[in-house]
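Peer 1: Let me give you the structure first, and then I'll get to my questions.
No lab work stands behind these numbers, since they all come straight from the coordinates. Keep in mind that this is a model prediction, so the values were computed, not measured. Neighbour counts run over all protein chains shown; Cβ positions are idealised from the backbone, glycine included.
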Amino acid sequence: MHNAGASQEICLCCRLGRVDYLQAWELQKKLAYLVAGGAPDTLLLLEHPPTYTLGRRRGESNMLVPRERLISLGAAVINSDRGGDITFHGPGQLIGYPVLNLDRMQIGPGNYLRSLEDTIVRALADVNVHAGRCDGYTGVWVGDEKIAAIGVKITAKWVTQHGFAINLNTDLDYFSHIIPCGIKDRGVTTLSRIVGHEVCPEEFVGHVAEAFGVVFNRKLVEVSGDELIS
């Protein structure tokens, strides 16, 4: 947690619903430019249609089927500029894209990644799920299975893009066509599988927003997509 005794700066929080990956990426780039210029930090919370993304490691070798086969499943396949390897984004996942000025917050990349993990661990604890880190890997785990993936970009102006993906009710079959994040010896899980019933995304997003505010010492102010874009 950061400067817990300091007064809280505002962070805009926008729930966007289902958004195409490239559209969300463009929005992040615009927001990063504004945040670098002094606009408030912003947290985007959303879901993507089925999309495989390859991070800067590219991870073509971690596709278990040809790219065309992934596309035939109705999924987009996109080369992204985030860190990390290949992963899947899709319905039933909660995606968080924080656009934060790390220079203003005075935290480095390593602490930022740990803070994202802490946010997700705290949100899961709110629903009585014990999660944690796994030595040598980024992300959040329940036992030996990954429940949340993290991949970020930090711009030359020290503003963050991309972020985290938490599996709530995700169809895990999509992960069977890849080696998620290039990790061969560990599995992937969902919150619904752990708790034994479908999870309400609208409810869980509240836990994530609250945890984010606590970990990053930010006062979250909800804005609509229209307000954000204007």
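Peer 1: Cα-based count: Lys pairs in the chain below 18 Å, eight or more positions apart or different chains?
Peer 2: Close lysine pairs found across the chain: 5.
Peer 1: According to a simple spin-label model (label point 7 Å from Cα along Cα-to-Cβ), what is the distance in nm between Leu34 and Val195?
Peer 2: Going from the Val195 label point to the Leu34 one covers 3.2 nm.
Peer 1: Enumerate the residues in region 32-61 having an amide nitrogen under 15 Å from the point lying 7 Å beyond the Cα of Lys219 toward its Cβ.
Peer 2: Inside the label zone: 40-41.
Peer 1: So if the hydrodynamic radius of region 51-100 is defined as the Kirkwood radius over C-alpha pairs, what does Stokes-Einstein give as its diffusion coefficient at 10 °C and 1.306 mPa s, in µm² per second?
Peer 2: Numbers: Rh = 11.7 Å.
This corresponds to a translational diffusion coefficient of 136 µm²/s.
Peer 1: Same structure, new question: Give me the net charge of Cys13's neighbourhood, meaning all other residues with Cβ under 15 Å from the Cβ of Cys13; Lys, Arg count +1, Asp, Glu -1. Walk me through the intermediate numbers first.
Peer 2: Numbers: positive: Arg15, Arg218, Lys219; negative: Glu9, Asp41, Glu202, Glu210, Glu222, Asp226, Glu227.
My count for the surroundings of Cys13 gives -4.
Peer 1: Let me ask another. In cubic angstrom, how much convex hull volume per residue do the alpha carbon atoms of region 151-230 span?
Peer 2: Given the Cα convex hull of region 151-230, per-residue volume reads 177 Å³.
Peer 1: For region 14-91 and region 169-193, write down the distance between their C-alpha centroids in whole Å.
Peer 2: Value for the Cα centre distance between the two parts: 17 Å.
Peer 1: Which percent, nearest 5, of DSSP beta bridges in region 9-229 are antiparallel?
Peer 2: 60
Peer 1: While we're here: Between Ala165, Ala156, Ala75, which gets the highest mean-square fluctuation from a Gaussian network model of the chain, Cα cutoff 10 Å?
Peer 2: So, out of Ala165, Ala156, Ala75, the one fluctuating most is Ala156.
Peer 1: I need the semi-axes of the equivalent ellipsoid of region 9-229: take the C-alpha gyration tensor, multiply each eigenvalue by 5, square-root it, list largest first in whole angstrom.
Peer 2: Largest first, region 9-229 gives 25, 20, 17 Å.
Peer 1: What does the charge add up to near Phe88, with Lys and Arg as +1, Asp and Glu as -1, over the other residues with Cβ less than 12 Å from its Cβ?
Peer 2: -2
Peer 1: Hey, another quick one. Between Leu34, Leu73, Leu102, where does the largest GNM mean-square fluctuation fall for the chain, given springs only between Cα atoms within less than 10 Å?
Peer 2: So, out of Leu34, Leu73, Leu102, the one fluctuating most is Leu73.
Peer 1: So what's the angle, to the nearest 10 degrees on a 0 to 90 scale, between helix 201-216 and the longest Cα principal axis of the chain?
Peer 2: So the inclination is approximately 50 degrees.
Peer 1: Can you tell me the length gained on complete extension of the stretch Val129 to Glu68, counting 0.36 nm per residue apart and subtracting the Cα distance?
Peer 2: 18.2 nm
Peer 1: Any chance you could give the angle, 0 to 90 degrees and rounded to 10, that helix 109-126 forms with the longest Cα principal axis of the chain?
Peer 2: Around 80 degrees separate the two axes.
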